[in-house]
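What follows is calculated from the coordinates using simple rules that are stated; it is not laboratory data. These figures come from a predicted structure and were not determined experimentally. Here Cβ is always computed from backbone atoms with ideal geometry, including for glycine, and neighbour counts include all displayed protein chains.
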Amino acid sequence: MRVWHGLDEVDADFGPSVVTIGNFDGVHRGHQEVLAHARARAERLGGLPVVAMTFDPHPMAVLRPGHAPAMISDPAERATLLGAAGADAVLILPFDKETAAWSPQEFIERVLVGTLHAKAVVVGENFRFGHKAAGHVDTLVQAGLEAGFEVEGLSLAGDAQPWSSTYIRGLIAEGDVEGAAVALGRPLRVTGTVVEGDKRGRELGYPTANIPALQGAAVPLDGVYAGWLTVLDAAPGTPQYGEPLPAAISVGSNPTFDGVDRRVESYVLDRDDLELYGSRIAVDFVARLRGSQIRFETIDDLLDQMKLDVDGARRILTAN
């Protein structure tokens, strides 16, 4: 799969294609439906390539910086997920004030006609684009009649309500990782590079791999969770562990030891031999074991709770 980081990276002779456009944050089940329709349309048009176009950063980060949403997936993960959902190529368009000022017609001419040579465009029915979000599906339909591309606007249907990244962010903020997994079609994933912590977990017999809860990323509500840890790459000399490893995961600031920085700490069950500092890991959340972190009065109380958490994670992950 090809990934382009701007219009100038697209091959000059690329096209014709079927294009789908959106923020695609999380590439949830609604997005996957859009990609499936785009793929079916591409096959009906003779096996054309499918291009998924997205933006970086999220337009709200430019238009209303204080209101930008926490992102479920970063651009690299989004591109990978879009490829898995059926895209042959991903165009990540840098979004800035200049791009925001494009009129709907300018967007259509620059991107859909001039660069991707679209023969069909598939979007969610509420898709808006162009300066002040003036463009919508009907705008695309009218432009398509003149430029020679078809347009399909789809409802992002869900079981209880339409799937949306906003809905999923709400579930994540509440710690409902199981509900988020239903809407995403897979477990919620948080990625990061393992940093050195205070090493108290190692001293207590529960060594953890710690990644910062980065500002701007959708990280679950503070608490303890069951899930899986996977090493995505490794620091020099670090073994590569390609398989998901069962883990008990703590999200928060470690109040027992007066912690301040929020982080995701993962203890891989029954393993004290993993040296993951500097490695990039993925943490997949399966279920919430208990709520907000507790400040324990004694170390023994903390250890008793940690054992309960580990046993609970083991039961859940064995069942899954």
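Observations
- In terms of its C-alpha gyration tensor, region 1-157 has a rounded overall shape, because the principal axis ratio a/c (a ≥ b ≥ c, square roots of the eigenvalues) stays below 1.5.
- Protection proxy ranking for 15-25, 118-128, using the average of other Cβ atoms within 10 Å per residue and placing the highest first: 15-25, 118-128.
- Using the Cβ of A52 as centre and a radius below 14 Å, the other residues enclosed give a net charge of -1, where K and R count +1 and D and E count -1.
- The length gained by stretching the chain between A84 and R314 to full extension, at 0.36 nm per residue less their Cα-Cα distance, is 79.8 nm.
- Cα-centred dipole magnitude for the chain, charges only on beta-carbon of K, R (+1) and D, E (-1), debye, nearest 20: 440 debye
- Summarising the amide proton neighbourhood of E150: residues at separation of 5 or more, or on other chains, whose placed amide H is nearer than 5 Å comprise A120, V121.
- Label-point gap, in nm, between D233 and L7 - each point 7 angstrom along Cα→Cβ: 3.1 nm
- Evaluated at q = 0.16 Å⁻¹: base-10 log I(q)/I(0), Debye formula over Cα of region 30-122: -0.75
- Shape summary: the chain maps onto an equivalent ellipsoid whose semi-axes, from the alpha-carbon gyration tensor, are 42, 19, 18 Å in decreasing order.
- Pairwise label distance in nanometres, R128 with Q305, each label 7 Å out on the Cα-Cβ vector: 4.4 nm
- Counting only DSSP beta bridges whose two residues both lie in the chain, roughly 60 percent are antiparallel.
- Theoretical gain in end-to-end length, L63 to E196 [0.36 nm per residue, Cα-Cα removed]: 44.3 nm
- Taking only the C-alpha atoms of region 12-52, Rg followed by Dmax gives 10.9, 33 Å.
- Estimated translational D of region 74-220 in µm²/s (Stokes, Kirkwood radius over Cα pairs; 37 °C; 0.692 mPa s): 176 µm²/s
- In the chain, helical runs assigned H by DSSP with n ≥ 4 each contribute -39500 (n - 2.57); averaged across all residues and rounded to the nearest 500, the mean residue ellipticity at 222 nm is -8500 deg cm²/dmol.
- Most mobile listed residue (V141, V283, V90) in the chain, GNM with C-alpha springs under 10 Å: V141
- Net lengthening on full extension, R271/S103 (0.36 nm per residue, minus Cα-Cα): 54.9 nm
- Simple spin-label estimate for R262 and A36 in nanometres, 7 Å along Cα-Cβ: 3.4 nm
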